[in-house]
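What follows is one structure encoded as structure tokens, with my remarks underneath.
Read-outs throughout are calculated quantities, based only on the coordinates presented, and are distinct from any laboratory measurement. Predicted model only: the values in this text are computed from it and were never measured. Cβ sites come from the backbone with ideal geometry, for glycine too, and all protein chains shown count toward neighbours.
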Amino acid sequence: MTEAPILECRGLTKTYGSHRGLEDFSVALPAGRIIGLLGPNGSGKTTLIKLCAGLLRPTSGQLYIDGMPVGPDTKSIVSYLPERICFDVSMTVEGVMAYYKDFFADFDEQRAKVMLEKLNIDTARKIKELSKGTREKVQLVLVMSRRAKLYLLDEPIGGVDPATRDYILSTIISNYSPDSSVIISTHLISDVENILDEFMFINEGKLILYNNCDNVRRELGKSLDRFFREVFRC
């Protein structure tokens, strides 16, 4: 029996006035994969992620997560990392962790504490006292400490130093279940392609290509980063 996709879009369209953020977007993504959502700036990546997270409503089309229409039931199995810090920076790290514990039934507090300790992050400090890179780490730790079925990561490595990028990517790899899927939106393809199983190319709100990363390397003899640059050459 064919396994149900963790994420399925059927003719998904989202408009903002006269602008189309997504247009007739259709794809079915399997569980147990790390998938890159790749495209130029303004291509619709964040729109798709926010639709999957239930933060936006589609103009038309259908969107299913684990076989369910996006709504309250799917929010309980989706862990979302926004492009920007989403919590009150006047809170302490410990306070934000308590918030996650109260709000998300699948939050693994012990997992979060272990990761924060490894990073030497003082949980008594306020978020606003932390550097940008440390804030990024804290938010990622919280998101990846949920036992979710689908992780939506919007630009998780944008604007941080290479060492922080390495930590973030290793955290993603080591903290998601083989039965879960991770969607990573990024334009830093060379940094992430070694952890990706599959990828989606998106441009002007449309799906250009969905394929396995190994297929690109084997059949085209190119890195995913080089292939992306050729497809989206200005």
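List of remarks:
- Each part reduced to its alpha carbon centroid, segment 155-234 and segment 95-127 end up 27 Å apart.
- Fully extending the segment from R111 to T59 would add 14.9 nm, taking 0.36 nm per residue of separation and subtracting the current Cα-Cα distance.
- Between the Cα long axis of helix 132-144 and the first principal axis of the chain there is an angle of about 80°, rounded to the nearest 10.
- 0 to 90° range, to nearest 10: angle between helix 93-103 axis and the chain longest Cα axis: 60
- For the chain, adding -39500 (n - 2.57) for each run of n ≥ 4 DSSP H residues and dividing by the number of residues yields -8500 deg cm²/dmol at 222 nm.
- Isotropically averaged projected area of segment 97-234, using the convex hull of Cα atoms (one quarter of hull area), nm²: 10.0
- Normalising the average separation of contacting C-alpha pairs (under 8 angstrom, six or more residues apart) by the number of residues puts the relative contact order of the chain at 27 percent.
- Extension gain for the segment S177 to A163, taken as residue separation times 0.36 nm less the Cα-Cα distance, is 2.6 nm to one decimal.
- If you plug the beta carbon distance of D102 and R217 into 1/(1 + (r/R0)^6) with R0 = 45 Å, you get a FRET efficiency near 0.50.
- Against the chain, whose longest principal axis is taken from its Cα atoms, helix 162-174 shows a tilt of about 80°.
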